[in-house]
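Engineer: Next up is a structure, given as structure tokens.
The values are calculated or read from the model by the stated rules, or taken from the named source; none is laboratory data. Model, not experiment: these values are computed from the prediction. For neighbour counting, all protein chains shown are included, and Cβ atoms are generated from backbone atoms with ideal geometry for every residue, glycine included. All accessible areas refer to the heavy atoms of the entire protein, side chains included, with ligands and DNA or RNA removed. Shrake-Rupley method; radii C 1.70, N 1.55, O 1.52, S 1.80 Å.
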Amino acid sequence: MLTAAEITAMQDTQKAALPDMCTIKRRTLSSDSAGGYTESWSDKATGVACRIAPIRSLSDAEAAVGGALQGKSVWQLTLPAGQDIQHTDRVVVGSATYEVVSLGSEGAWETATRAIVVRID
């Protein structure tokens, strides 16, 4: 069994291996007064340490999102443990924007938050 101090030390080590910074954007919907809505994106978190890497094999990613990734540029996003990110969020890393398509499961021994994302620009 790992102690809380050991888990914290592993999280700190993992965070030190996140070389990039990103902005997490959260979608908001506003009524357009015609029965529809207008979509907008606002910064939920800025200056978040991250690592983005292409996924070479789609088998695991495809299984996670039911085959919806065919023909898209698929990436693994790693963030600090416990980072607030949702399935409907977008993430900007450098000049590239990504949409979250799947989140990894959280657990008591989580050392990082992971998401599968697709590049949208």
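Engineer: Could you give the accessible area per residue of the chain, probe 1.4 Å, as a whole number in Å²? Provide the component values of the computation, followed by the final result.
Structural biologist: On the way: 7150 Å² over 121 residues.
Spelled out: the 1.4 Å probe surface of the chain, per residue, equals 59 Å².
Engineer: From zero up to wherever the largest Cα-Cα distance of the chain sits, split into 10 Å bins and tell me the percent of pairs in each.
Structural biologist: All Cα pairs considered, the percentages come to 13, 39, 32, 13, 3, 0.
Engineer: While we're on this one: What is the sum of charges around ALA96, taking Lys and Arg as +1, Asp and Glu as -1, for the other residues whose C-beta is under 9 Å from the C-beta of ALA96? Don't skip to the answer; put the middle values down first.
Structural biologist: Numbers: positive: ARG119; negative: ASP121.
Combined, the nearby Lys, Arg, Asp and Glu give 0.
Engineer: Less than 14 Å Cβ to Cβ from LYS25, Lys/Arg counted +1 and Asp/Glu -1: what total charge do the surrounding residues give? Walk me through the numbers on the way to the answer.
Structural biologist: Details: positive: ARG26, ARG27, LYS44, ARG90; negative: GLU39, ASP43, ASP84, ASP89, GLU99, ASP121.
For residues surrounding LYS25, the net value is -2.
Engineer: Compute a Gaussian network model of the chain, connecting alpha carbons closer than 10 Å, and tell me which residue from GLY107, GLY36, GLY47 fluctuates the most.
Structural biologist: Judging by the Gaussian network model, the answer is GLY36.
Engineer: Run the simple label-point estimate for ASP43 and GLU106 please: 7 Å along Cα→C-beta, distance reported in nm.
Structural biologist: Using points 7 Å along Cα→Cβ, the separation is 2.4 nm.
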